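In what follows, a structure is listed as structure tokens, so that the remarks can point back to it.
The values are calculated or read from the model by the stated rules, or taken from the named source; none is laboratory data. Here the structure is a predicted model, which means the values were calculated and not measured. Every residue, glycine as well, gets a Cβ built from its backbone with ideal geometry; the counts of neighbours run over all protein chains shown.
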Amino acid sequence: MNREMMRKERIDRGIKVRTERIYAISSYREILYLLGPRVLLIVGVMVLPLALEFAPYWKRVVNITCVYSLLALSFDFLANYVGLVCLGGAFFVGVGGYLSAIFNVYLGLPVFLSIPLATIGGAIFCTALLLPCLPLRGVYFAIVTLMYPLLLTRVIEALNIMGGTNGITGLASLPNEYVEQYSIIIMMLVFMFGMRRFVNQDIGLVLRGVKDNDQSVRASGINITYMKGLAVFIASFIGCFGGAYIAHLYMWAGLSLFALDFSIIPIASVVIGGGGTLVGPVIGSFILVPLSEVLRAFGTFRIVIYCAALTGFIVFKSEGLMVYMQRKYHQFERWVKV
Amino acid sequence: MFEARELMVFYENMLALNNVSIQCEKGKIIGVFGSNSAGKSTLMYTLSGIILDIKKKEEMRGGERISLYGRIFFNGKDVTTIKPHERAKMGVILCPERRRIFPESSVMENLKIGAYLSKRRETKENIEYVLNLFPRLKDHLKRQGGFLSGGEQQMLAIGRALMANPQVLLLDEPLLGLSPAYQDIVIEGTSKIRDAKGISIIITEQYARPVIPIIDYGYILENGSSMLSGTKEELMDNPDVKSAYFGV
């Protein structure tokens, strides 16, 4: 009976409560508490290319990982803040990559123009194509985003446009290795922290409202199709940037940019990292993508290990790493008498 | 027959139910009254076992942690840790708040879904019984549940709960959003159910006035604890109850 009447209690740490309001910060310890995790992440990611100086292969992996984490970020944003399940990572990457190739190779624009133009143009293109299925709730959006990459692949293949099955070759590479590495890392950090800001602005609140109850949002006089369109624009903006970058990284834009990997791995990263945290997906892809590279040594058997790890995560820690870590960081537990 | 002893429920650090004990004999109607946030719905979730399900889901999601204390007995058996669907098989059926009927199934289909546990012949009898109890449903058998009016939906929800041959029927706020006329129909139906089938009924409500005439015993919940209990006469005579629930 005695044992039964004890309860484990979760309480916010004192320092968390003190630092919640900005004016209350009064000591280095509190500043450290607030900035610590953020600085750790930023510095960690920034140092990564330097630490891998003598492993050029792994530097490549870091670049690709960053692209995947951008896609995971956009998936997490759409799924957990707007309520749209988007299977269109490949769609965004493909559109961004091909547009960038068109701008760079066919129109002869330099890299620092072709990537931004492809990002914006791709976002407009993707949003325009997805607009018809936005007023509806349900699976329509997911299915359509899954279908578009397949459709575009076949169109390119059948009409033999834009290089056909060979793809567009001869894209300019980024000026040098460091620009190549740090441009994507910095952009990833900018997007990540930017999105965290964004979802807490008024407009982010409206988007979350759309997720919870779209009828109430409509009743408040807000056009939800416009809101969803805006969210899709932002998400595809992020995705297209990743695609444009990848095209320039490989100096080639081909049909493999529409590969299903770009849709699936980000979703797995969100599951592992913890949905709705925006940082979690980034951390998740920094675990998953290198893991799948390491497992390459096992040949086809790597899929088995990979899937087992994923399933294990869902079964035993379905809340996701980031949610778990945040809780441990901000709260402590103790036994109390009921 | 159905008994809850010293129930305590925490949503994280918030105490939702504090030491609530409830007893329900066979064939009695028990009323649980309280304002919003008194813990009525939590009590119903705990009695029906749905809270175990919520708890599991929250754990998976990394959300609020729900802790449960106390015991629930049904026919002398401890059912505290038994899952909601098992409890339903034993005869504890919840008719949830805000009805939760299946909006895209027709009235008939809704009833049939509720009858999943019972045998074919019983199902036929039960459907007939429900339709006699709430004749209004007869006119809409083929209509989708989502297009019924609020009162009809409530009747359908109670009917669906009856289809599973309950021994204890838990009605969570059955009068929510109903006009006085519909309230009368539902209340009348409730007491008919008890009289005809000897089912024990636990009914929660904010408005005591329409419900109190049919109850045998009542509890008043306030901020998660049971402040007062008594027979219908005792409750009606209590000055606090009078002022709070009857506006006298």
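Filter the stretch B:119-164 down to the residues that are charged (D, E, K, R) and surrounded by 18 or more Cβ atoms within 10 Å (Cβ to Cβ), then identify the one that is modelled with the highest pLDDT. Can you show your working first?
Kept after step one, since they are charged (D, E, K, R), are these residues of the stretch B:119-164: B:119-122, B:124-125, B:128, B:136, B:138-139, B:142-143, B:152, B:160.
This time we only want the ones that are surrounded by 18 or more Cβ atoms within 10 Å (Cβ to Cβ), so: B:152, B:160.
On the way: B:Glu152: 91, B:Arg160: 94.
Among residues in the stretch B:119-164 that are charged (D, E, K, R) and surrounded by 18 or more Cβ atoms within 10 Å (Cβ to Cβ), the one modelled with the highest pLDDT is B:Arg160.
Those residues that are surrounded by 15 or more Cβ atoms within 10 Å (Cβ to Cβ), within 14 Å of chain A (Cβ to nearest Cβ) and in a strand (DSSP E or B), I need them from the stretch B:72-118; list them, please. Of everything in the stretch B:72-118, nothing turns out to be surrounded by 15 or more Cβ atoms within 10 Å (Cβ to Cβ), within 14 Å of chain A (Cβ to nearest Cβ) and in a strand (DSSP E or B).
Inspect all residues belonging to the stretch B:165-172 and state whether any of them is part of a helix (DSSP H, G or I), surrounded by 14 or more Cβ atoms within 10 Å (Cβ to Cβ) and either more than 15 Å from the chain's Cα centre (by Cα) or modelled with pLDDT of 90 or more (or both). No, the stretch B:165-172 contains no residue that is part of a helix (DSSP H, G or I), surrounded by 14 or more Cβ atoms within 10 Å (Cβ to Cβ) and either more than 15 Å from the chain's Cα centre (by Cα) or modelled with pLDDT of 90 or more (or both).
Condition check: within 20 Å of the chain's Cα centre (by Cα) and not basic (Lys, Arg). Does A:Gln215 satisfy that?
On the way: within 20 Å of the chain's Cα centre (by Cα): no; not basic (Lys, Arg): yes.
No, not satisfied.
When we screen A:Val85, A:Val62, A:Val43 for residues that are loosely packed, with under 15 Cβ neighbours inside 10 Å, within 26 Å of the chain's Cα centre (by Cα) and not acidic (Asp, Glu), the only hit is A:Val43.
When restricted to residues that are in a helix (DSSP H, G or I) and either of a type in the set (A, V, I, L, M) or out of contact with any Asp or Glu (no Cβ under 8 Å at 6 or more places or on another chain) (or both), the stretch B:60-71 contains 1. No other residue among B:Ser67, B:Ser21 is touching a strand residue (DSSP E or B) at 6+ places or on another chain (Cβ under 8 Å), of a type in the set (S, T, N, Q) and more than 28 Å from B:Glu233 (Cα to Cα) apart from B:Ser67.
Which one is modelled with the lowest pLDDT, of the residues in the stretch A:223-258 that are surrounded by 17 or more Cβ atoms within 10 Å (Cβ to Cβ) and not in a helix (DSSP H, G or I)? Among them, the one singled out is A:Gly254.
For the stretch B:28-71, a residue qualifies if it is within 14 Å of chain A (Cβ to nearest Cβ) and not charged (D, E, K, R), and the qualifying residues are B:Met60, B:Gly62, B:Gly63, B:Ile66, B:Ser67, B:Leu68, B:Tyr69, B:Gly70. In this entry, A:Ile303 is excluded by the filter for residues that are touching a helix residue (DSSP H, G or I) at 6+ places or on another chain (Cβ under 7 Å) and β-branched (Val, Ile, Thr).
Regarding the stretch A:308-329, can at least one residue be identified that is within 14 Å of another protein chain (Cβ to nearest Cβ), in contact with a strand residue (DSSP E or B) (Cβ under 7 Å, 6 or more places away or on another chain) and of a type in the set (Phe, Trp, Tyr)? No: the stretch A:308-329 contains no residue that is within 14 Å of another protein chain (Cβ to nearest Cβ), in contact with a strand residue (DSSP E or B) (Cβ under 7 Å, 6 or more places away or on another chain) and of a type in the set (Phe, Trp, Tyr).
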